Structures are given as structure tokens and as C-alpha cells.
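The values are calculated or read from the model by the stated rules, or taken from the named source; none is laboratory data. Since the structure is predicted, the reported quantities are computational estimates derived from the model, not experimental observations. Note: ideal-geometry Cβ built from the backbone for every residue, glycine included; neighbour counts use all protein chains shown.
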Amino acid sequence: MDETTPPPPPPESEQLPPPPTHTGSPTDFLKGVVGKRVIVRLTSGVDYRGVLSCLDGYMNIALEQTEEHVNGVVTNRYGDAFIRGNNVLYISAAEAL
Amino acid sequence: MASQILPLELIDRCIGSRIWVIMKSDREFTGTLLGFDDFVNMVLEDVTEYETTPQGKKKTKLAQTLLNGNNICMLIPGSAGPDT
Amino acid sequence: MDPSSGIQEPFDLIRLSLSERVFVKLRGDRELTGILHAYDGHMNLILSDVEETIMIVDVEGAPDGRGTVNVAKRKMEMLFVRGDGVILVSPPSRT
């Protein structure tokens, strides 16, 4: 190859481009889903459906207009809800992103 | 030493393909892998969730989903899942 | 992120609920309502004037139904809640 670069050869890691074109990372997903309707399922199987206000790196979640679903039945409604991230199994988009 | 491949490199090569995710509990997912991070939190598309409950097996279809890496046990690249 | 309520991160929801009565759902089918006095990043909580509700599901009891649910309630003046037991905190409606 043409070695036009100065003496110190770039370490191999620098040659790998940063995670390139695909925009499917968890961070990208979360950016896209804030403000949208989501289904949050906990490991216990309980679902929370609502509008995602925000979340943090622990997957702690703030939801608005929240409905609690147990076995497909609405068991509670909350104006706002804070869900502790360790209980979260998944966050799924409930409307088009 | 020469051709050491990291486990997560294998998963990185699955981006864009179907993947079968088996959780620590009686729960499995299949979907198209869009991305993941260092915790193996995964973003999946066209997802099917498989639950084994006392009442029998239950399937749930989901759109784009962020799956918490905390409860993942195994990943099977290229597989369409338990129905195959 | 959410200009209407001024919430940038989930903990803002808790911060805005200080000195208010909150609903807390805990592992082990427990629920609390009480006045929120303090919290930290683990979601350790200090609540006062607390009412605890414990759901006791008796699967044996019912013939072929879903089992009967007994509810036990008790009151506590002041309580520390360890954060790892917390599932959900809901502040009073601010609408």
C-alpha cells in the first residue's frame, strides 16, 4: 500500500471506522422513541403502555398517560409513572417511528 | 492469537439478519437485529415473543423493540426461532 | 425533551414529587402510598404517613378460578424503602 502517513503507524484500532452507517443502536432507538407511545414489559410480565417522556442509562423510565396491563387487562392508570430500570424486560414501539 | 474473534464480533456480523434470543427465563424472542451495545441490549425489528406459561405457549408480535441485555442467556444467529 | 412538564430525565419525576403523596409499587406484590421526603440514585426512599397494601394470592383456595386475593393493609409513621425493591413510583397527578 502507499505509505504516505508519517512514521508512527496508526494502531489497528484506528483503522476500524467507528460503528459505521447502520443507525440501529440502542441509543438511536431511544432517541427515536421518546415522545412516542410505547409498551414497556417488565420481567414479571406486567406491561405498561404510555407515552415515553424520557429515560436514562439504567433504563429508568418516565411514562405519561400510563396504563398497567396484567394478562391483557387494564389494572391501573397513572398520569405519570417512574419505572425502575432493573425491572424492564423490553421497550417496544407502539406506533410508527 | 492470530484469528481471535470476539463473541460480540460474531453478533455484529448478524446485524440485518434474523436472530433468536433465549432469555434466562422461559421466554424467547426472534427478530431482525438492527443493533446492540456493550451490555448486549439489542434493538430488534419484526419481533415475535414466545412465552411458556402454565396456560401453554403464547406468541406476541412486536414492532421495533429494545430488549434489555440483563436477562439474555443465549443468541442464535440466523435462526427463525422455536417454530422451525 | 418534554417542554410541557419540564422533565429531562426520569428522576425529575421523583424530584417534582418531593413532599407530595406518591404511590410506590414494590416487588413481592406490595404497594405503598406515603409522603415522599427523600430519595437517592438507587431509588432508596423515605416516606412518612405510609399505608402499605399487601396482595396475598391464595392459589389453593379457589376451585378452578385464578385464586382468591386477600388484601392486608397496615400503617407506618416513617419508612425507609430500599431501592432495589422498587418497581414503579407514580406521583400525584399534576393535571
Pull out all pairs, ordered by first then second residue, where Cβ-Cβ is under 7 Å, the residues are six or more apart or on different chains, the first lies in region A:55-73 and is on the phi > 0 side of the Ramachandran plot, and the second is of a type in the set (Gly, Ala, Ser) and buried (at least 23 other Cβ atoms within 10 Å of the Cβ). A:GLN65/A:GLY50
Could you say which residue among A:GLY50, A:GLY45, A:GLY79 is facing another protein chain (nearest Cβ under 8 Å), of a type outside the set (A, V, I, L, M, F, W, C), within 20 Å of B:LEU67 (Cβ to Cβ) and in contact with a strand residue (DSSP E or B) (Cβ under 9 Å, 6 or more places away or on another chain)? A:GLY45
Does B:THR52 meet the test of being touching a strand residue (DSSP E or B) at 6+ places or on another chain (Cβ under 9 Å), at pLDDT 95 or above, within 26 Å of A:GLY85 (Cα to Cα) and part of a strand (DSSP E or B)? no
Residue check for A:SER92: at pLDDT 95 or above and among the polar types (S, T, N, Q): yes
Scan of region B:61-84 for residues that are surrounded by 14 or more Cβ atoms within 10 Å (Cβ to Cβ), more than 9 Å from every other protein chain (Cβ to nearest Cβ) and polar (S, T, N, Q), ordered by number: B:SER79
All positions within region C:19-52 that are within 13 Å of chain A (Cβ to nearest Cβ) and in contact with a His (Cβ under 9 Å, 6 or more places away or on another chain): C:LEU45
Would you check if A:GLY57 is closer than 18 Å to B:LEU62 by Cα, within 12 Å of chain B (Cβ to nearest Cβ) and modelled with pLDDT under 95? no
Return yes when C:HIS37 is surrounded by fewer than 16 Cβ atoms within 10 Å (Cβ to Cβ), assigned to a loop (DSSP other than H, G, I, E, B) and on the phi < 0 side of the Ramachandran plot and no when it is not. no
Counted residues in region A:24-35 being more than 10 Å from chain B (Cβ to nearest Cβ) and among the charged types (D, E, K, R) come to 1
